[in-house]
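In what follows, a structure is listed as structure tokens, so that the remarks can point back to it.
The values are calculated or read from the model by the stated rules, or taken from the named source; none is laboratory data. All of these numbers come straight from a predicted model, not from anything done at the bench. Every residue, glycine among them, receives a Cβ derived from its backbone with ideal geometry; neighbour counts consider all protein chains shown. Ligands, DNA and RNA are excluded from the accessible area calculation, which covers all protein heavy atoms including side chains. Shrake-Rupley method; radii C 1.70, N 1.55, O 1.52, S 1.80 Å.
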Amino acid sequence: MEKNKNFIQTEIIFPVEFYDVDSMRIVWHGNYVKYMEKARCALLDSVGFGYLEMEKSNFEFPVVDVKLRYVRSLRFGEKVKAQARLVEYENCIKIKYEFFSESTGELTTKAESTQMAVNLKTGETCFVCPEIFLNRVEAKLKEQQVS
């Protein structure tokens, strides 16, 4: 992912654990969704709107869509570099992900997730993200412009 101050993005590095692989020591395909969650949490925390902050603001953001494209398998013992970039935040939270083998730099997986805001008091889906989230994203974008 390119470095761009018009996007909020984050990067984390973590090992492929034994409990994430199948009998061939290849990451089981369903665990990539867990890897997306790790990167998503880091991204939302960087904005100051992680899951605990969401709950305090009386909103939750369930995942409504996930897309995955497997390019190359990750294996037990590899370190994964996961990059997450916020590409939509006004009407929903849409995040694009890229996963790389840290040792080779090779792209292994591309993914995307979409989350919609739900008001915890009414249970209603919001078709515009709550103001508190928009304000946090805008503040982070301004902070990036300065640095």
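Worth pointing out:
- Selection status of residue 132, surrounded by fewer than 17 Cβ atoms within 10 Å (Cβ to Cβ), among the β-branched types (Val, Ile, Thr) and not in a loop (DSSP other than H, G, I, E, B): yes
- Selection of segment 67-79 for residues being open to solvent by 60 Å² or more (accessible area, probe 1.4 Å) and either under 15 Å from residue 115 (Cβ atoms) or in a strand (DSSP E or B) (or both) yields 67, 69, 70, 75, 79.
- Close contacts from segment 53-67, counting a first residue that is over 14 Å from residue 95 (Cβ atoms) and a second that is open to solvent by 60 Å² or more (accessible area, probe 1.4 Å), with Cβ to Cβ under 7 Å and a gap of 6+ residues or different chains, come to 54/60; 57/132; 58/120; 58/121; 59/120; 60/120.
- Across segment 2-13, the qualifying residues are those that are in contact (Cβ under 8 Å) with a residue 40 or more places away in the chain and exposed (fewer than 15 other Cβ atoms within 10 Å of the Cβ), and the one among them that is nearest to residue 85 (Cα to Cα) is 7.
- One residue alone among 94, 81, 110 is modelled with pLDDT of 95 or more, over 18 Å from residue 34 (Cβ atoms) and in contact with a strand residue (DSSP E or B) (Cβ under 8 Å, 6 or more places away or on another chain), and that residue is 94.
- Taken together, the residues in segment 45-80 that are among the aliphatic types (A, V, I, L, M), touching a Phe, Trp or Tyr at 6+ places or on another chain (Cβ under 7 Å) and within 30 Å of residue 122 (Cα to Cα) amount to 1.
- Summed over segment 95-120, the residues that are out of contact with any Pro (no Cβ under 7 Å at 6 or more places or on another chain), touching a residue at least 12 places away in the same chain (Cβ under 8 Å) and either open to solvent by 70 Å² or more (accessible area, probe 1.4 Å) or among the polar types (S, T, N, Q) (or both) give a count of 12.
Table: residues versus (1) open to solvent by 20 Å² or more (accessible area, probe 1.4 Å); (2) hydroxyl-bearing (Ser, Thr, Tyr); (3) in a loop (DSSP other than H, G, I, E, B).
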{"position": "54", "(1), (2), (3)": "no, no, no"}
{"position": "65", "(1), (2), (3)": "yes, no, no"}
{"position": "81", "(1), (2), (3)": "yes, no, no"}
{"position": "122", "(1), (2), (3)": "yes, yes, yes"}
{"position": "138", "(1), (2), (3)": "yes, no, no"}
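- Positions within segment 27-41 being surrounded by 15 or more Cβ atoms within 10 Å (Cβ to Cβ) and not in a helix (DSSP H, G or I), in sequence order: 27
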